[in-house]
Amino acid sequence: MQAPNLKYVLLTANDVEAKVIASQKLRKYGFTGVIISHSSFAGDAEAINAAGANYTHQTFSETGIGLAKHLLKEADKECQAG
């Protein structure tokens with residue numbers, strides 16, 4: 001692999017197997033930078049990380065957490081207003 005300035009890779013394909021293969025190949029051919037991915041399910045995230053990704057964002061569970069934080073923020077505003 002000849003991309004000496006490449007430091008970060010985002011794996012955004014929908015197919016889990018594609019992200020696993022991409023992670024494996026990047027590591028196999030010497031990429032030492034950061035690989036970030038996303039997945040819908042925890043088991044898929046584990047497979048992608050095991051294949052070489054540094055972090056896999058779990059879209060559904062982390063989106064739910066983010067939505068709950070926004071809801072609590074808005075509820076807090078209402079409580080403070082009155």
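The values are calculated or read from the model by the stated rules, or taken from the named source; none is laboratory data. Keep in mind that what you see is a predicted model, and the values were worked out from it rather than measured. Glycine gets a Cβ as well: all are built from the backbone with ideal geometry, and neighbour counts include every protein chain shown.
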Taking the residues in segment 12-50 that are small (Gly, Ala, Ser) and over 19 Å from Phe60 (Cα atoms) as candidates, determine which candidate is farthest from the chain's Cα centre (by Cα).
Gly30
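Could you list, in sequence order, all residues of segment 1-17 that are surrounded by 14 or more Cβ atoms within 10 Å (Cβ to Cβ), closer than 12 Å to Ile48 by Cα and free of Cβ contacts under 8 Å to residues at least 40 places away in the same chain?
Passing the criteria: only Val16.
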Would you be able to tell me the number of residues in segment 46-82 that are assigned to a strand (DSSP E or B) and hydroxyl-bearing (Ser, Thr, Tyr)?
2
Given (1) loosely packed, with under 12 Cβ neighbours inside 10 Å; (2) at pLDDT 90 or above; (3) aliphatic (A, V, I, L, M), index of the condition Ile65 fails
(2)
